[in-house]
Amino acid sequence: MKINLNQLTQHLSGHLQPFYLISGDEPLLVQNASDQIREKAKASGYSERERFQVESGFDWNELFQSANEMSLFSSRKTIEVRIPGKLTDPARKTLLELAERPNEDNLFIVVTGKLESSTTKSKWFQQMEKQIGFIQIWPLENKDFAPWIRQQFATHDHTIEPEALEILADRVDGNLLAAHQEIEKLLLLTESPVITAELVIQAVGDSSRYDVFDLTNACLSGELPRAIKILNGLKAEGTEAPIILWALSRELRTLSTVLTRLNAGQPKRQVFQQNGVWKNREASYEAAMSRYSIMLINKLLTQAGRVDSTIKGLEKSDTWMELHALILGMCRTDANARLIPALIS
């Protein structure tokens, strides 16, 4: 029977098959599937584990012997077989025979690389598939990558904010092993059940001299030379442009909300608290509100949209020059206007 990877957890909540075949070229997904089956087997009393690595000259009789031997320490054991190459005639014959003659004291986990359709459509394989659990693993498509990251956090009883998920997905760029490492690091860095965008950014740049939050504060305060210096420092240290754009855009959206609510007559203290403007940032926001209007913020957000299009390759322009231009706009004051030509050059 075929078992979709997304359905494996549900499948393992019931009875185990005596034989599982896992096929795929995504090492992390293959390993996760193997781990899930192994954990279920251990909980079901398969306490002994035996492993075989199939290489040139492998003696398939050893596998038969292991399947027929009584365990020395347990009445049940898991037998794992890894086949990195193609399935040879002896391999096909042995796997089919073991699948058709299940032993309730043994549980087989066989892992192979990607199986071609000519193999999965062959008569012998279709005959074997009726007796086993077949898990065929495909590389994740782009649309499935962010949900996969979210699910990894969910398995550890954590949730991740949408903006944090977007930043993390951009950072690892479809690399599952890199994503796994970042997820493990984030889980170690917090006791909170919620993974925030701030945490993701801190984890990304925890060894940096410069900080994107220093950049946003400089922009809000109108400190143009300092903002340009921080931006150049972030670029030199390898901070990704999408992270910088996210931080700047978030401040612009927050500032727009704050100004709109203040213009509607809501108390400043209440508006600040509701929008996460804490005391250590009030001075920066006060400085920005003295210079910004809703119309100006909308223009800056449109400019941020152009930066985003440049990052995604939708517009032909230099991303870092566009970020410089955005910062010039955010820091613009009468005094800074005289500095802009020198800073650009």
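The values are calculated or read from the model by the stated rules, or taken from the named source; none is laboratory data. Worth saying up front: this structure is predicted, and the values here are computed from it rather than measured. With ideal geometry, Cβ positions are generated from the backbone for all residues, glycine too; neighbour counts draw on all protein chains shown. The accessibility values were calculated without ligands, DNA or RNA, using every heavy atom of the protein model including side chains. Shrake-Rupley method; radii C 1.70, N 1.55, O 1.52, S 1.80 Å.
A few points about this structure:
- Among the GluC sites (Glu not before Pro) in the stretch 218-308, those placed in a DSSP loop whose Cβ has at most 12 other Cβ atoms within 10 Å are E237.
- Phi angles across the stretch 100-105 convert, under the Karplus curve 6.51 cos²θ - 1.76 cosθ + 1.60 with θ = phi - 60°, into 3J(HN,Hα) values of 7, 10, x, 10, 5, 8 Hz, Gly and Pro given as x.
- The portion of the accessible surface of the chain made up by carbon and sulfur, rounded to a whole percent, is 49 (1.4 Å probe; DNA, RNA and ligands excluded).
- For E80, the amide hydrogen comes within under 5 Å of the amide hydrogens of E50, R51, F52, I109, counting only partners 5 or more places away or on other chains and with H modelled in the peptide plane.
- For L21, the amide hydrogen comes within under 5 Å of the amide hydrogens of V110, G133, F134, I135, counting only partners 5 or more places away or on other chains and with H modelled in the peptide plane.
- Legend: distances between Cα atoms for K42/K93; K93/K121; K143/K312; K143/K185; K2/K121; K185/K312; pairs beyond 22 Å are K42/K93; K143/K185; K185/K312.
- Degrees, to the nearest 10: 279-289 long Cα axis against longest axis of the chain: 60
- Across the chain, the longest run free of exposed loop sites, meaning chymotrypsin sites (Phe, Trp or Tyr not before Pro) lying outside DSSP classes H, G, I, E and B with no more than 10 other Cβ atoms within 10 Å, spans 74-277.
- Structure-based [θ]222 nm, the chain - -39500 (n - 2.57) summed over DSSP H runs of at least 4, per residue, nearest 500: -18000 deg cm²/dmol
- Gyration tensor (alpha-carbon) shape descriptor, the stretch 1-148, a/c threshold 1.5: oblate
- Nearest-ten-degree value, helix 212-221 long axis tilted from longest Cα axis of the chain: 20
- Once the Cα gyration tensor of the chain is diagonalised, semi-axes √(5λ) in Å: 57, 21, 16
- Accessible-area ranking of M330, M295, largest first, probe 1.4 Å: M295, M330
- Helix 224-236 and the longest principal axis of the C-alpha atoms of the chain enclose an angle of approximately 20°.
- The stretch 67-146-the stretch 216-253 distance, computed between alpha-carbon centres (Å): 52
- N298-W138 FRET efficiency (beta carbon distance; Förster radius 51 Å; 0.05 resolution): 0.75
- For S44, solvent-accessible area (1.4 Å; no DNA, RNA or ligand), Å²: 40
- With θ taken as phi - 60° and the Karplus curve 6.51 cos²θ - 1.76 cosθ + 1.60 applied, the whole-hertz 3J(HN,Hα) list for the stretch 144-152 is 9, 5, 4, x, 5, 4, 4, 5, 4 Hz, x standing for glycine and proline.
- For the stretch 48-54, 3J(HN,Hα) per residue [Karplus equation, 6.51 cos²θ - 1.76 cosθ + 1.60, θ = phi - 60°, Hz, x = Gly/Pro]: 9, 9, 10, 10, 10, 10, 7
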